[in-house]
Amino acid sequence: MTEKNVEYDAIIIGSGFGGLYALHHLRDNMGLNVRAFDGAGGVGGTWWYNRYPGARVDAPSSPFYAYTFSKELVDEWDWTETQTSQASVLAYLEHFAKRFDLLKDIQFETWITDARYDEAAQRGPIQTDHDVTASAQFLICAVGALFVANMPDYPGINDFAGECYHTGRWPHEKVSFAGKRVGVIGTGSSGIQAIPEIAKEAEHVTVFQRTPQYSLPARNRPHSQEELARFRADWDELRTSMRKRGGWPFETNRRRASEYTREQRLAIYEELWEQGGIHLSINSFVGVISDKELNEEVGAFVRGKIREIVKDPQTADKLMPDYHFGTKRLILDNGYFETYNRPNVALVDLREDPIEAFTPSSVRTKNGEHPIDMLVLATGFDAVSGSMLKLNPKGRDGLRLEQKWGERFDNYLGATIAGFPNLFMIHGPGAPGVFFTMPLGGELTTAWIGNCIRHLREQNLGAMEATADAEANWDREINAIAEQTLYPLTNSWYMGANIPGKPRQFLGHLRGSQYFDRLLEVA
Ligand code: NAP
């Protein structure tokens with residue numbers, strides 16, 4: 001498609017949960033002239049790319065990891081399982097795009113190669129890799145918090161001659177593991193979801209693990225029609241409740257650990273483990289993520305469970321997490337630890353037996369050689385800031401985002417950046433992102449962005465941007481919240497610690513409901 005200098009009110013980059021809703025809201029509720037661009041071949045964002053076997057929603061219940069604003073949509077979509085599969089989430093987003101007639105305003109397979117701010121015009125011109133140029137008064141970056149793949153750079157890895165896939169860039173055609181020796185690097189959410197599925201089919205799986213993880217049973221099960229009917233009947237109330245309770249609609253237990261004996265607490269952990277491991281985190285006791293002693297008690301409980309499940313004691317030893325429970329993203333699995341009881345699965349602990357190099361047909365570690373036919377990289381993402389830096393927009397006076405964010409991801413509210421007028425981020429650094437339900441978070445952020453736009457237009461103002469002071473105060477505010485917890489003590493992608501050289505900075509807002517109150521206050 002060739003289009004030159006088309007003028008829009010707003011350009012949206014990305015058509016995942018955030019971008020699709022932004023398109024609907026700005027176009028249909030506000031009457032703006034909007035165009036969305038996406039480098040992918042279809043809608044879905046992270047759900048378009050992450051097609052690895054076993055990929056599922058890891059929220060406690062599917063209907064709440066979905067758009068909340070339209071009761072009709074809630075009524076017409078049947079979620080079949082509590083942890084929806086990737087294919088079903090993608091089908092839902094495709095349905096959403098069709099139902100709200102969004103596809104006609106999205107240009108797929110088109111990357112924005114340049115996004116600038118033109119001070120004189122108070123507009124942002126863009127260029128794409130498809131001979132399309134355009135400009136808009138507002139640029140909405142719905143570029144995804146987990147998009148830029150982290151590729152390990154072991155010596156010789158590019159010489160590996162077998163099939164090689166990153167979980168976040170999984171092929172659309174079916175990948176067959178049958179008769180193959182598969183090496184998997186990475187045991188975060190993606191690796192832990194994929195490994196049991198790969199092991200069912202492959203001849204042999206070798207898991208290369210750097211950090212052992214806390215993973216909890218997902219207890220995925222079908223949703224009953226009665227359950228869905230109940231959610232639908234109470235939808236307005238549930239939606240309000242999600243907004244108030246950090247994205248989750250139901251009352252969580254506010255028990256105080258000190259009011260229970262150790263035996264009683266252990267019995268409670270046991271019960272919550274059976275209900276589904278996520279409840280250990282949200283429904284056990286107040287302070288699990290901030291009180292070291294209580295945190296260690298829950299951690300020890302989970303380690304005990306891993307030991308019970310994994311039959312070989314040496315393998316179980318290697319699987320023992322040793323960081324504070326919950327300070328890396330909690331993982332919900334479907335039979336992950338059980339997989340190590342299979343005869344075709346081996347675990348290499350990279351902390352004692354590091355990878356030295358790849359050959360065309362093997363991984364060589366300090367203690368030996370592991371022949372493989374296929375390599376699966378479940379090595380995660382340059383999270384949150386990475387996708388904005390890939391876009392690398394230019395602000396006032398040609399300031400490039402990579403210059404501004406060289407040492408710290410300064411911004412205001414995770415949504416705006418000083419020096420970048422009229423640019424908005426959905427789920428930027430410091431926004432609640434994965435610490436809240438992302439679809440609802442996107443709706444609420446978009447509503448705020450829409451109100452900013454409305455205000456500017458009503459007041460006949462051309463542009464708005466954050467001040468440097470506001471950014472500094474905001475930085476202090478979100479860090480003060482994070483520092484009340486154990487999160488900053490752990491090397492995780494939340495801290496930027498998974499990417500060599502990335503500034504260490506907490507990348508989220510831990511109190512989603514408070515954050516959205518704050519947005520209203522700022523408005
Ligand atoms: P991740 O959590 O960052 O895990 C990456 C894994 O790769 C870690 O085990 C990491 O080890 C390892 N790794 C990275 N570089 C390595 C290297 N050079 N050598 C050896 N190991 C290396 O990434 P992810 O599993 O893709 O998940 C990212 C996030 O996406 C999740 O936290 C979650 O928020 C989201 N997600 C959600 C779902 C869902 O079900 N909804 C599914 C998948 C992902 P270290 O721990 O030592 O860094």
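Computed values, structure above
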{"item": "Residue tally, condition in contact with a Pro (Cβ under 8 Å, 6 or more places away or on another chain) and of a type in the set (A, V, I, L, M, F, W, C), over the range 406-438", "result": "3"}
{"item": "Test: residue in the range 45-62 that is in contact with a Leu (Cβ under 6 Å, 6 or more places away or on another chain) and open to solvent by less than 40 Å² (accessible area, probe 1.4 Å)", "result": "yes"}
{"item": "Those helices (runs of 4 or more DSSP H) lying entirely in the range 181-273 with at least 1 residues open to solvent by less than 70 Å² (accessible area, probe 1.4 Å) and farther than 29 Å from Met320 by Cβ", "result": "225-233, 235-244"}
{"item": "Hits in the range 221-253 - residues which are touching a residue at least 60 places away in the same chain (Cβ under 8 Å) and either in contact with a Pro (Cβ under 6 Å, 6 or more places away or on another chain) or on the phi > 0 side of the Ramachandran plot (or both)", "result": "Phe231, Leu238, Met242, Gly246, Gly247"}
{"item": "In the range 330-369, residue nearest to the ligand (Cβ to nearest atom) [restricted to those that are within 16 Å of Gln209 (Cα to Cα) and in a loop (DSSP other than H, G, I, E, B)]", "result": "Leu350"}
{"item": "Subset of the range 456-472 (residues that are open to solvent by 30 Å² or more (accessible area, probe 1.4 Å) and in a helix (DSSP H, G or I))", "result": "Arg457, Glu458, Ala468, Asp469, Ala472"}
{"item": "Top-ranked residue of the range 491-518 - restricted to ones that are open to solvent by less than 30 Å² (accessible area, probe 1.4 Å), of a type outside the set (S, T, N, Q) and part of a helix (DSSP H, G or I), ranked as farthest from Trp248 (Cα to Cα)", "result": "Met495"}
{"item": "Single match in Thr110, Thr133 (criterion: farther than 24 Å from Ile278 by Cα, touching a strand residue (DSSP E or B) at 6+ places or on another chain (Cβ under 7 Å), part of a strand (DSSP E or B) and open to solvent by less than 30 Å² (accessible area, probe 1.4 Å))", "result": "Thr133"}
{"item": "Tabulated pairs, the range 325-338, first open to solvent by 30 Å² or more (accessible area, probe 1.4 Å), second of a type in the set (A, V, I, L, M, F, W, C) and within 10 Å of the ligand (Cβ to nearest atom), C-beta under 9 angstrom, 6+ apart or interchain", "result": "Lys328/Trp493; Arg329/Val434; Arg329/Trp493; Asn334/Ala218"}
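The values are calculated or read from the model by the stated rules, or taken from the named source; none is laboratory data. These numbers were taken from a predicted model, which means no experiment stands behind them. No Cβ is skipped: glycine too gets one built from the backbone with ideal geometry, and neighbour counts run over all protein chains shown. Keep in mind that these areas ignore ligands, DNA and RNA; they rest on the heavy atoms of the full protein, side chains included. Shrake-Rupley method; radii C 1.70, N 1.55, O 1.52, S 1.80 Å.
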